[in-house]
1. Using amide H atoms built in the peptide plane, which far-off residues or other-chain residues are under 5 Å from V87 H to H?
2. Using the per-residue mean of other Cβ atoms lying within 10 Å as a proxy for protection, in what order, highest first, do the peptides 43-54, 210-221, 113-124 fall?
3. Please order M85, M111 by the number of other Cβ within 10 Å, starting at the fewest.
4. Give me the number: length gained by fully extending K127 to K100, i.e. 0.36 nm times residue separation minus the C-alpha to C-alpha distance, one decimal in nm.
5. When the Cα centres of region 70-103 and region 193-207 are compared, how far apart do they sit, in Å?
6. Residues of region 188-209 with amide nitrogen under 14 Å from the 7 Å Cα-to-Cβ point of F248?
7. Pop out the ³J(HN,Hα) list for region 81-93 in order, Karplus 6.51 cos²θ - 1.76 cosθ + 1.60 with θ = phi - 60°, rounded to Hz; leave Gly and Pro as x.
8. Calculate, in nm to one decimal, what K181 and M85 gain on full extension: separation in residues at 0.36 nm each, minus their alpha carbon distance.
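We did not get these values from a lab; they are worked out from the coordinates using the rules stated. Keep in mind it's a predicted model, so treat the numbers as computed, not measured. Cβ: placed from backbone, ideal geometry, glycine included. Neighbour counts: every protein chain shown.
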Amino acid sequence: MPNSHRNLKCVIIGTCLVMVCLSSLVSAQQMRIIKAGEGGGFLIPELMTFIGPENNQLTVTDRMPTDRLPKEYQAVDIRQGDIIMMVNGKKVSKPDELEKLYEGLAVGQEMKLGIKRGNDMLIASFKKADPSTLPTRRIMKVEDDGKGSGTKVSIGKGPEIDGDAVPLLGIGMILAAKNGKITVGDVLPLPGLAVLKSEPKVGDLLVSLQDRPLTTAEALRKTWDNISVGDTVRLVLSRDGKETLSVFAKPKALGEINLKTAK
């Protein structure tokens with residue numbers, strides 16, 4: 001895990017769009033970071049399959065392992081590297097065309113994907129699900145502002161993180177550094193939150209970590225990474241001028257960060 005945060009910073013700064021999917025399909029949580037190019041991409045929620053432009057073709061660039069999908073979607077035959085040629089008989093070549101066709105379906109209607117896999121032409125089909133029946137997932141878009149002043153992170157319909165985002169999966173928080181301050185940008189539904197003295201909230205100020213006042217994302221990453229799993233963590237957050245000290249053994253992150261770089 002130590003290198004994951006550093007890699008994350010490099011990916012965020014060097015990309016136009018990163019989609020992060022946090023899923024609670026199984027007991028262990030997982031965060032997947034998928035890098036897309038300027039053409040963007042579309043995530044099919046039932047299949048947790050990310051489709052984006054690659055080599056001028058609409059391609060499956062990432063898919064969550066089938067055993068983590070709802071049972072009714074595990075048998076859908078779509079694989080990483082598949083080229084999407086048609087949707088319900090209509091030719092598609094861009095992610096927004098695919099998204100428009102998906103959004104036009106009613107719950108329960110079938111979506112048929114015409115797929116090219118090597119020299120074979122296949123059909124993969126599934127029924128559009130009621131979003132409320134799907135496992136809880138969160139989608140985060142990370143965009144480089146192009147000015148070297150940090151990134152903006154929009155998390156679903158939640159808050160916007162304005163700054164250099166630093167996810168701490170072990171304790172279920174995404175912190176953001178900007179203008180010499182580090183604040184809580186979002187709180188993730190991960191078990192690690194239980195080790196904190198009180199539940200953090202968006203906007204809480206990071207006063208210190210390991211009794212060190214920190215002002216940059218790099219300092220935060222380095223300090224956190226230098227703490228071994230099981231070692232004592234001293235974390236101070238402030239809300240409305242009131243400081244709260246949490247002392248706990250650093251938990252092992254129950255998730256993992258998988259980086260997929262664009263070609």
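1. V92, G114
2. Descending mean neighbour count gives 43-54, 210-221, 113-124.
3. M85, M111
4. 8.1 nm
5. Computed from Cα coordinates, the inter-centre distance equals 40 Å.
6. The answer is 188-201.
7. x, 4, 9, 8, 9, 9, 10, 6, x, 10, 5, 10, 9
8. On the way: separation 96, 0.36 × 96 = 34.56 nm, distance 4.76 nm.
Once the chain is fully extended between K181 and M85, it gains 29.8 nm.
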